[in-house]
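Everything on this sheet refers to the single structure shown next.
No lab work stands behind these numbers, since they all come straight from the coordinates. Not measured: the values here are computed from a predicted model. No Cβ is skipped: glycine too gets one built from the backbone with ideal geometry, and neighbour counts run over all protein chains shown.
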Amino acid sequence: MSTGKSLADDVERIDDNVNGLFAKVSDLADRVDELEDENERLREELQEAKNDAELAVAVAGETSDRARADGGPTKVKRAELLSRNELVRQAIKTAGKGGAVTAGDVVDMARPETNLHHRTVHDAWDKLVSRWGSIRVQERDDAANRLVVDRDDLEDELVRLVDDDLSDTQLAEELHRGRT
């Protein structure tokens with residue numbers, strides 16, 4: 001009869017061990033869930049910080065050559081800002097897949113505050129093309145050259161920069177809705 005008691009003791013001991021293991025596994029599963037939630041929150045915060053940093057770098061690059069002695073933008077910088085902002089706005093807000101502006105469009109947008117010449121606008125376009133990979137000059141034999149951009153090629157930091165400059169926080173949201 002000693003084996004019966006011993007077997008019952010062994011079963012009870014094993015059962016206690018298994019119950020203890022289940023409790024520990026359950027606690028570990030709860031902790032993993034908590035850590036996954038915390039990890040997701042931290043990833044979102046990191047992405048927000050990355051977006052803010054990219055915007056700060058873009059703004060710093062834009063403002064480095066922006067001011068004249070009186071604090072206003074140079075004519076080239078004004079042409080650059082007008083071209084960039086209108087190009088990105090069109091690419092996102094219009095029904096087509098991109099945006100385009102001619103030098104004449106930019107000259108008209110600058111009036112009456114600033115009197116721009118086509119050469120000044122083209123100098124501004126050279127800066128934009130060298131700075132942003134999505135922006136290019138489309139040369140046309142039968143009409144005026146245009147500065148163009150495809151919506152799908154727009155850099156996120158470029159859109160956020162224009163958002164900030166135009167105080168239109170909807171541009172980035174509209175771009176992402178259009179891409180998904």
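3J(HN,Hα) couplings calculated from phi for the range 151-166 with the Karplus curve 6.51 cos²θ - 1.76 cosθ + 1.60 (θ = phi - 60°) are, in sequence order, 3, 5, 8, 4, 6, 4, 5, 5, 5, 5, 5, 5, 3, 5, 5, 8 Hz; Gly and Pro show x. Applying both filters, DSSP loop and at most 11 other Cβ atoms within 10 Å, to the GluC sites (Glu not before Pro) of the range 73-153 gives E113, E139.
Multiplying each eigenvalue of the alpha-carbon gyration tensor of the range 75-179 by 5 and taking the square root yields semi-axes of 22, 15, 12 Å, largest first, rounded to whole angstroms. The H118 and K97 beta-carbon pair, evaluated with R₀ = 30 Å, returns a calculated FRET efficiency of approximately 0.65. A Förster distance of 22 Å, applied to the separation of the beta-carbon atoms of D152 and V57, puts the FRET efficiency at 0.45. Normalising the average separation of contacting C-alpha pairs (under 8 angstrom, six or more residues apart) by the number of residues puts the relative contact order of the range 75-179 at 31 percent. With a Förster radius of 30 Å applied to the C-beta separation of V137 and L42, the computed FRET efficiency comes to 0.10.
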